[in-house]
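What follows is a set of notes on a single structure, which appears directly below.
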Amino acid sequence: MATAAKSDATRRDFLYIATGAVGAVAAASAVWPLIDQMNPDASTLALASIEFDLSPIEVGQMVTIKWRGLPVFVRNRTEAEVESAKTVPLDELRDPETDEARTKSGHENWLIMLASCTHLGCIPTANAGDYTVVSSNGNQGGWFCPCHGSHYDTAGRIRKGPAPKNLVVPPYAFLSDTTVQIG
Amino acid sequence: MIKAKTILMAIALAGLFSAPANASGTAGVEPKFSDWTFGGLFGTYDEHQLQRGFQVFREVCAACHSANLISFRNLSEEGGLNYSESQVKALAAEYTIADPASLDGERSGIPADRWPAPFATEQDARDANNGALPPDFSVLAKARTVQRPGLGWIMNYFIAYQEGGPDYVYNLMTNYAEAPHDVEIPAGQYYNAFFGGGIAMAPPLADGLVTYDDASVPMTTEQYAKDVSAFMMWMAEPHLIARKELGFKVLIILSAFAVLMYLTKRKLWSNVKH
Amino acid sequence: MALTHNSEKYDPKNPALKWFNDRLPLLSFGKEHFVDFPTPKNLNYWWTFGMILALCLGVQIVTGIILAMHFTPHVDLAFNSVEHIRRDVNWGRIIQGTHAVGASMFFFAVYVHIFRGLFYGSYKAPREVLWMLGVIIFLLMMATAFMGYVLPWGQMSFWAATVITNIFAAIPLVGEPILQWLRGGFAVDNATLNRFFSLHYLLPFVIAAVVMLHIWALHIPGNGNPTGVEPKDSHDTVPFTPYATIKDLFAVSVFLIPFAWFVFFAPDILGHPDNYIMANSQVTPPHIVPEWYFLPFYAILRAIDFNILFIDSKLGGVIFFAGSILILFFLPWLDVSKVRSGSFRPMFRIFFWVFVLDFLLLMYLGAQPAEGIYVTLAKVATAYYFLHFLVILPVVSRIETPKPLPTSISEAVLAKPA
């Protein structure tokens with residue numbers, strides 16, 4: 001009699017646990033879509049990676065393109081700018097990073113960076129600031145953030161002002177000599 | 001009495017899901033109901049059929065009809081045409097897309113672009129088509145339906161009949177004919193027996209009009225109509241397969257839960273006389 | 001049986017919980033109303049629809065808040081934004097399908113709930129206010145569902161908005177200004193869409209508030225039950241938790257199966273193909289029909305195609321349309337029978353089922369074109385609808401001889417064949 005009651009109790013407990021477990025799994029699987037729907041949708045993800053044709057950009061020119069809704073600087077640097085960037089000793093930098101680390105080898109003239117000051121997110125002005133290269137064509141390279149006065153050099157590295165970090169280089173790769181894929 | 005109640009309830013249930021009558025009036029011939037691969041619970045799209053349908057759409061329909069909600073990238077989505085991403089990229093690049101942000105205001109297409117419309121404005125579309133506006137194809141397959149004869153509409157709820165749209169398109173495509181003597185067709189219109197009179201669209205398909213890569217598929221109006229109808233269903237419901245697959249999982253877990261809940265409830269109430 | 005607030009005061013053992021509960025007796029409240037609440041032990045499955053309806057409201061609110069994150073209430077963008085949800089948003093097809101099918105499931109459940117109340121006399125004293133709050137919830141649901149249906153901005157959305165707002169134009173003298181005020185223009189347009197979106201978002205929370213009053217009003221006299229005899233002592237009842245909650249949850253899990261069936265396998269079958277055509281103010285679809293759950297009332301609206309004395313046919317239709325629901329407010333005083341449950345009222349019971357059939361007939365007729373035999377049938381069915389409330393119920397409740405009632409729920413339960 002006692003054994004029968006006990007096994008009955010065990011069976012009942014097992015049933016309750018099984019029911020609770022299945023219910024919990026079902027509820028959890030129902031909750032995930034409700035959370036995941038806030039993630040970027042398929043149309044947004046389709047533009048997460050873009051291809052860009054560099055051929056129209058002459059040496060010394062810069063364009064600002066849109067990638068993932070953000071402005072991105074694409075600059076075809078002059079030799080003087082590259083030289084200026086390469087000769088800076090690393091220990092002078094607030095956020096030490098070589099020019100090579102910020103460009104792709106074989107394409108050192110191309111500088112591709114998010115156009116967002118690492119201080120508070122304003123768009124820096126190009127060919128301005130204390131670290132621009134002065135040539136017969138006027139100021140070349142270098143950026144100055146008008147909001148709070150951050151100065152970036154010709155490799156987009158922070159040199160002076162309140163910003164803590166260099167301008168961010170997004171992930172990108174050269175598909176050919178004139179085409180880059182950003183993202 | 002329980003029995004009578006049960007029967008009445010069954011009637012009530014059937015009645016509650018009562019169908020709207022004769023949604024898209026087709027005064028003409030009885031529709032033919034095709035056996036779609038994507039019909040029923042287990043149906044899936046046939047990617048070869050969708051690819052053929054896409055070819056018909058691209059070479060014939062797209063000259064007048066837009067499909068504004070379709071992006072090139074959709075063509076490589078799973079459960080649909082299953083083109084590779086590089087195929088879609090190459091296809092998109094064949095098209096020129098208007099983009100004010102580009103140098104010349106236009107550029108070649110990328111997978112994220114929408115399918116380009118054949119006419120820039122609605123007025124252009126009307127001007128080119130005798131005043132009639134060719135409807136957009138994106139969800140057209142769900143905006144049309146055919147009624148099943150008799151009490152078929154009740155069955156529809158139990159077999160989940162969702163193929164009224166492709167059935168409609170198929171019948172429309174295959175029922176162009178000479179107008180009977182007693183039917184007068186206004187100028188600029190064409191007789192369609194399924195439509196039940198004149199229609200502004202000229203017969204779009206003809207045997208041999210589109211050359212399929214697969215020579216084993218007949219190149220007939222009937223086959224084109226079938227393929228393009230399937231493709232239009234895919235355009236309207238591109239994630240049909242994923243939805244059904246998830247549905248099975250959900251139904252299985254819900255049924256298991258319902259059975260367990262029943263046992264739990266029975267166990268719990270076993271000591272209560274009720 | 002009456003639930004007084006002093007019965008079995010609950011004191012949490014945990015000192016932290018006790019500290020909290022002494023300051024805000026939320027735990028005592030929950031224990032009293034959702035655990036200990038005495039529930040008649042003979043409730044049948046028709047009584048589980050209250051919980052099912054709570055679930056429906058929850059599902060609609062949760063999925064609705066999500067849809068609002070992706071929807072754009074603008075005449076040029078609304079249609080495409082709904083398609084965007086279906087095509088591109090993660091799980092969008094399922095969430096949108098759940099919301100659309102959910103409306104139908106909600107109405108199905110509310111009709112079962114209402115007809116259960118009609119059969120078992122749930123509107124009778126002392127539950128009149130409970131019943132009337134229920135009718136208010138039903139009206140709010142109709143308004144919410146109607147405005148929600150307008151949001152996808154398809155052809156049916158647009159013409160439903162046009163037709164239903166036009167109902168208000170039937171009001172004498174002030175009808176036309178009210179119509180323009182409702183629409184925010186001379187026709188249904190962007191202003192209408194935007195305000196419907198705002199109100200569609202608001203009303204479910206109003207419904208939730210009235211539902212709380214509904215539950216409050218339920219917890220004063222307690223549940224009715226299939227015998228209609230009030231519980232005498234604790235032998236007649238079981239605690240709400242776990243007995244009623246588990247039984248309700250079982251019913252919910254069964255209810256979810258057809259729900260999922262529609263969402264995953266036939267999400268469009270309860271809708272109308274014309275709503276996949278973007279709204280066009282220049283073209284009316286050949287057959288405009290409301291969603292199935294409005295069909296009976298739509299049939300009544302259309303049935304009045306003649307002037308009644310100085311009331312023109314349009315106003316007449318609107319009066320009957322509104323009256324068909326408002327009459328429910330007076331039901332507790334139209335049916336004067338002292339016996340609650342239809343099970344013990346032989347005549348009432350027959351008329352109840354005739355009324356159910358009449359309601360289903362109206363539903364069927366609402367979907368048919370307004371021509372030929374359908375018009376005549378709709379008039380007869382409408383007349384019977386009102387006859388049921390205004391003549392049959394008052395007369396039957398006075399002349400019928402009810403079957404003998406059990407003295408208690410326990411007696412009725414024991415008398416049941418095993």
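The values are calculated or read from the model by the stated rules, or taken from the named source; none is laboratory data. Everything numeric in this text was worked out from a predicted model, so none of it was measured. A quick note on method: Cβ atoms are made from the backbone with ideal geometry, for glycine too, and the neighbour counts reach across all protein chains shown. SASA here: full protein model, heavy atoms, side chains in, ligands and nucleic acids out. Shrake-Rupley method; radii C 1.70, N 1.55, O 1.52, S 1.80 Å.
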Subject >> Quarter of Cα convex hull surface for segment C:34-283, i.e. mean projection, nm² >> reply: 15.1
Original post:
With +1 on each Lys and Arg Cβ and -1 on each Asp and Glu Cβ, how big is the dipole of chain C about its Cα centre, in debye rounded to the nearest 20?
Top reply: 820
Original post:
If one takes the accessible area of chain B alone plus chain C alone and subtracts that of the pair, with a 1.4 Å probe, what total in Å², rounded to the nearest 100, results?
Top reply: 5500
Original post:
Binned at 20 Å from 0, what are the whole-percent values of the Cα-Cα distance distribution for the protein assembly as shown, short to long?
Top reply: 12, 35, 31, 18, 4, 0
Original post:
Mind checking which of A:MET62, A:MET113, A:MET38 has the largest fluctuation in a GNM of chain A, springs on alpha carbons under 10 Å?
Top reply: A:MET38
Subject >> Residue among B:ALA92, B:ALA215, B:ALA258 with the largest mean-square fluctuation in a Gaussian network model of chain B, springs linking Cα atoms under 10 Å >> reply: B:ALA258
Original post:
Ignoring ligands, DNA and RNA, what accessible area per residue does chain C give at 1.4 Å, in Å²?
Top reply: 43
**OP:** Report the longest stretch of chain C that contains none of the chymotrypsin sites (Phe, Trp or Tyr not before Pro) sitting in a DSSP loop with at most 13 other Cβ atoms within 10 Å.
**Re:** C:1-185
Subject >> Separation of alpha-carbon centers, segment A:158-183 and segment C:361-394, rounded to whole Å >> reply: 73
Subject >> Cα lying deepest toward the dipole's positive end in chain C, options C:ALA103, C:TRP91, C:VAL210, charges on Cβ >> reply: C:VAL210
**OP:** Give the cross-link partners of C:LYS13 among the lysines, using a straight C-alpha distance below 27 Å as the criterion and excluding same-chain residues fewer than 8 apart.
**Re:** C:LYS31
**OP:** With a/c under 1.5 counting as rounded, go ahead and sort segment C:125-268 into rounded, prolate or oblate using the C-alpha gyration tensor (a ≥ b ≥ c being the square roots of the eigenvalues; past the cut-off, prolate if a/b is larger than b/c, else oblate).
**Re:** oblate
Subject >> At 1.002 mPa s and 20 °C, Stokes D of segment C:351-417 from Kirkwood alpha-carbon radius, µm² per second >> reply: 146
Original post:
Roughly how many debye, to the nearest 20, is the charge dipole of segment C:291-400 about its Cα centre, given +1 on each Lys and Arg Cβ, -1 on each Asp and Glu Cβ, and no other charges?
Top reply: 420
Original post:
Of B:LYS32/B:LYS89; C:LYS41/C:LYS403; B:LYS267/C:LYS124; B:LYS142/B:LYS244, which pairs sit farther than 27 Å apart, going by alpha carbon to alpha carbon?
Top reply: B:LYS32/B:LYS89; B:LYS267/C:LYS124
Original post:
Which GluC sites (Glu not before Pro) does segment B:146-252 hold that lie in a coil by DSSP with at most 15 other beta carbons within 10 Å?
Top reply: B:GLU178, B:GLU184
**OP:** Leaving ligands, DNA and RNA out of it, report the carbon-plus-sulfur percent of the accessible area of the protein assembly as shown at a 1.4 Å probe.
**Re:** 64
**OP:** Quote the charge dipole size of the protein assembly as shown about the Cα centre in Debye, to the nearest 20; the model charges only the Cβ of Lys and Arg (+1) and of Asp and Glu (-1).
**Re:** 4880
**OP:** Go ahead and set up a Gaussian network model of chain B, Cα springs under 10 Å, then flag whichever of B:PRO100, B:PRO134, B:PRO31 fluctuates most.
**Re:** B:PRO100
**OP:** Ignoring ligands, DNA and RNA and using a 1.4 Å probe, state the total buried accessible area between A and B in Å², rounded to the nearest 100.
**Re:** 1200
Original post:
Reachable aspartates and glutamates from C:LYS379, Cα under 15 Å, same-chain residues fewer than 8 places away excluded?
Top reply: C:ASP305, C:ASP358, C:GLU371
**OP:** Treating cross-link reach as a plain straight distance, find the aspartates and glutamates whose alpha-carbon is under 20 Å from the alpha-carbon of A:LYS86, omitting any fewer than eight places away in the same chain.
**Re:** A:ASP95, A:GLU97, A:ASP99, A:GLU100, A:GLU108, A:ASP130, A:ASP153
